[in-house]
Amino acid sequence: MIIIVKKGADEAQVENLKSLLKSRNIEPHVSKGSLQTIIGCVGDVAHLDPALIEALDVVESVQRIQEPYKAANRKFHPEDSVIDCSGVKIGGGNFSVIAGPCSVESEEQVVTIAHAVKAAGATMLRGGAFKPRTSPYSFQGLGAEGIRMLTVAKKESGLPIVSELMDFKDIDCFNDVDVIQIGARNMQNFNLLKEVGSYTKKPVLLKRGMSATLQELLMSAEYVMASGNPNVILCERGIRTFETALRNTLDLGVVPLLHRLSHLPVVVDPSHATGYAYMVDPVAVAATAIGADGLIIEVHNDPPHALCDGVQSQTPEMFARTMERIRKIKAVL
Ligand code: PEP
Ligand code: MN
């Protein structure tokens, strides 16, 4: 349910309305736009009579939100959300490129890549330390030690860092991590989403599960938001279809659709979406052109010897060319 507040209503009246909602166990989310103020109601609104609320002096109108996602819904928050990632903004016209290796392999590797991607124009550094691998015999990531190396690269480059959390028991390792990535395989790990949402207000980069519908993606964002963390960035990384020629199938149409359904920023991952380094550039450019709020791209200094996802990793030189083309597209737009 959303409550549209009358123009010119004073703060005290809005506060009284918020207290009334809270007394009914409903969490009010106030969204002050340039034209109107909206109060989104999170909680069990089934027992709240809309007529009762509408009768209040301060209320213009009340609307029920039909979709099961409320806090993530564009109706709830008509303006784009701008998420602040330790000073780097994303959403609402702020475009951001996250780049770095699939996995942190050594301090030297991640520091070298951090400098290279920063020089090319990346605004954040990625690097997996806790890796969700299909095979238990594959490299599993360096864990806490990998996060430590990533924080060295953060200090040296000045780039905020993004890393995947697989298990909440590792959260203490993430104190210096600026954006917590929830991977595709954990998109519906509801306990993890609730734990992250209630523990921190750090931005969460939520990757679409490989068989998840957009509604399921938005419901997972809702879990984080309803638990107390409104700072969610959605990530489209392709889904699994009958097509096996590419690693995943990427439908860029989801970018404008997600923007219509939700106010949250949408990032595209052309690396996992395609699986091949040569395709990352054209897909990154296309994603930029269609209106993505950012990109997350895997870059490795020595892709043939990468411990994870080398085939889809750009070299720093390839990444620099892609950044150049992205800048041109942005200038045209
Ligand atoms: C990753 O970003 O390295 C990763 C494992 O991505 P996804 O969860 O999208 O497969
Ligand atoms: Mn990867």
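The values are calculated or read from the model by the stated rules, or taken from the named source; none is laboratory data. Since this is a predicted model, take the numbers as computed values, not measurements. Quick reminder, even Gly has a Cβ in these numbers, built from the backbone with ideal geometry, and neighbours come from all protein chains shown.
Test each condition in (1) part of a loop (DSSP other than H, G, I, E, B); (2) touching a Phe, Trp or Tyr at 6+ places or on another chain (Cβ under 7 Å); (3) surrounded by fewer than 24 Cβ atoms within 10 Å (Cβ to Cβ) for Lys330 and report the one that comes out false.
(1)
Within the stretch 240-290, can you find the residues that are more than 16 Å from ligand 2 (Cβ to nearest atom), outside any helix (DSSP H, G or I) and either crowded, with 20+ Cβ neighbours inside 10 Å or basic (Lys, Arg) (or both)?
Ser262, His263, Leu264, Pro265, Val266
For the stretch 224-245, enumerate the residues that are more than 17 Å from Phe95 (Cβ to Cβ) and either within 14 Å of ligand 1 (Cβ to nearest atom) or under 15 Å from the mean Cα position of the chain (by Cα) (or both).
Val224, Met225, Asn229, Pro230, Asn231, Val232, Arg237, Gly238, Ile239, Arg240 - these are the residues of the stretch 224-245 that are more than 17 Å from Phe95 (Cβ to Cβ) and either within 14 Å of ligand 1 (Cβ to nearest atom) or under 15 Å from the mean Cα position of the chain (by Cα) (or both).
Looking at the stretch 291-303 only, could you name the residues that are assigned to a loop (DSSP other than H, G, I, E, B) and surrounded by fewer than 20 Cβ atoms within 10 Å (Cβ to Cβ)? It would help to see each step written out before you state the result.
So in the stretch 291-303, the residues assigned to a loop (DSSP other than H, G, I, E, B) come out as 291-293, 300-302.
Across the stretch 291-303, the qualifying residues are Gly291, Asn301, Asp302.
May I ask you to list the residues in the stretch 274-306 that are farther than 18 Å from Gly92 by Cα and among the polar types (S, T, N, Q)?
Correct list: Thr274, Asn301.
I'm checking my understanding of the structure. Among residues of the stretch 146-171 that are outside any loop (DSSP other than H, G, I, E, B) and of a type in the set (A, V, I, L, M), which one is farthest from Asp309 (Cα to Cα)?
So, considering only residues that are outside any loop (DSSP other than H, G, I, E, B) and of a type in the set (A, V, I, L, M), the one farthest from Asp309 (Cα to Cα) is Ile171.
Looking only at the stretch 187-217, count how many residues are in a loop (DSSP other than H, G, I, E, B) and either more than 16 Å from ligand 2 (Cβ to nearest atom) or crowded, with 22+ Cβ neighbours inside 10 Å (or both). I'd like the intermediate steps shown before the answer.
Here is the first cut: in the stretch 187-217, the ones in a loop (DSSP other than H, G, I, E, B) are 187-189, 200-203, 208-213.
Next cut, either more than 16 Å from ligand 2 (Cβ to nearest atom) or crowded, with 22+ Cβ neighbours inside 10 Å (or both) only: 187-189, 200-203, 208, 211-213.
Total satisfying the criteria: 11.
Tell me whether the stretch 304-314 contains one or more residues that are under 20 Å from Lys131 (Cα atoms), in contact with a Leu (Cβ under 9 Å, 6 or more places away or on another chain) and in a helix (DSSP H, G or I).
Applying the first criterion (under 20 Å from Lys131 (Cα atoms)) to the stretch 304-314 yields 304-314.
If we keep only those that are in contact with a Leu (Cβ under 9 Å, 6 or more places away or on another chain) as well, we get none.
No, every residue in the stretch 304-314 fails to be under 20 Å from Lys131 (Cα atoms), in contact with a Leu (Cβ under 9 Å, 6 or more places away or on another chain) and in a helix (DSSP H, G or I).
Quick check, is Ser220 touching a residue at least 12 places away in the same chain (Cβ under 8 Å) and either in contact with a Ser or Thr (Cβ under 6 Å, 6 or more places away or on another chain) or surrounded by fewer than 24 Cβ atoms within 10 Å (Cβ to Cβ) (or both)?
Judged against the criteria, Ser220 is not a match.
Looking at Lys75, Lys154, which one is crowded, with 22+ Cβ neighbours inside 10 Å and away from ligand 2 (no atom under 16 Å from the Cβ)?
Lys154
The rows are residues; the columns are (1) within 16 Å of ligand 2 (Cβ to nearest atom); (2) at pLDDT below 95.
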residue: Lys32; (1), (2): no, yes
residue: His47; (1), (2): no, yes
residue: Gly92; (1), (2): no, no
residue: Val104; (1), (2): yes, no
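Do the conditions hold for Thr274, that is, is it more than 15 Å from ligand 1 (Cβ to nearest atom) and either closer than 20 Å to Thr244 by Cα or of a type in the set (Ser, Thr, Tyr) (or both)?
The answer is no for Thr274.
What are the residues in the stretch 223-244 that are among the charged types (D, E, K, R) and in contact (Cβ under 8 Å) with a residue 24 or more places away in the chain, if any? It would help to see each step written out before you state the result.
Of the stretch 223-244, the ones among the charged types (D, E, K, R) are 236-237, 240, 243.
Residues satisfying the conditions are Glu236, Arg237, Arg240.
Can you find, within the stretch 172-186, the residue that is farthest from Asn229 (Cα to Cα) among those that are outside any helix (DSSP H, G or I) and touching an Asp or Glu at 6+ places or on another chain (Cβ under 9 Å)?
Restricting to residues being outside any helix (DSSP H, G or I) and touching an Asp or Glu at 6+ places or on another chain (Cβ under 9 Å), the top hit is Gly183.
Could you count how many residues in the stretch 104-145 are part of a helix (DSSP H, G or I) and either surrounded by 24 or more Cβ atoms within 10 Å (Cβ to Cβ) or on the phi > 0 side of the Ramachandran plot (or both)?
Number satisfying all stated conditions: 4.
Six or more apart or on different chains, Cβ atoms under 8 Å: show the pairs whose first residue is in the stretch 180-194 and closer than 16 Å to Gly238 by Cβ and whose second is part of a loop (DSSP other than H, G, I, E, B) and within 14 Å of ligand 2 (Cβ to nearest atom).
Going by the 8 Å Cβ cut-off, the qualifying pairs are Gly183/Pro132; Gly183/Met166; Ala184/Met210; Ala184/Arg237; Arg185/Pro132; Arg185/Met210.
Please enumerate the residues belonging to the stretch 62-86 that are among the polar types (S, T, N, Q) and modelled with pLDDT of 95 or more.
Listed by number, the residues that qualify are Asn73, Ser81, Ser86.
Please specify each residue of the stretch 253-270 satisfying the condition of being within 16 Å of ligand 1 (Cβ to nearest atom), free of Cβ contacts under 8 Å to residues at least 60 places away in the same chain and farther than 18 Å from Tyr69 by Cα.
Answer for the stretch 253-270, where residues must be within 16 Å of ligand 1 (Cβ to nearest atom), free of Cβ contacts under 8 Å to residues at least 60 places away in the same chain and farther than 18 Å from Tyr69 by Cα: Val268, Pro270.
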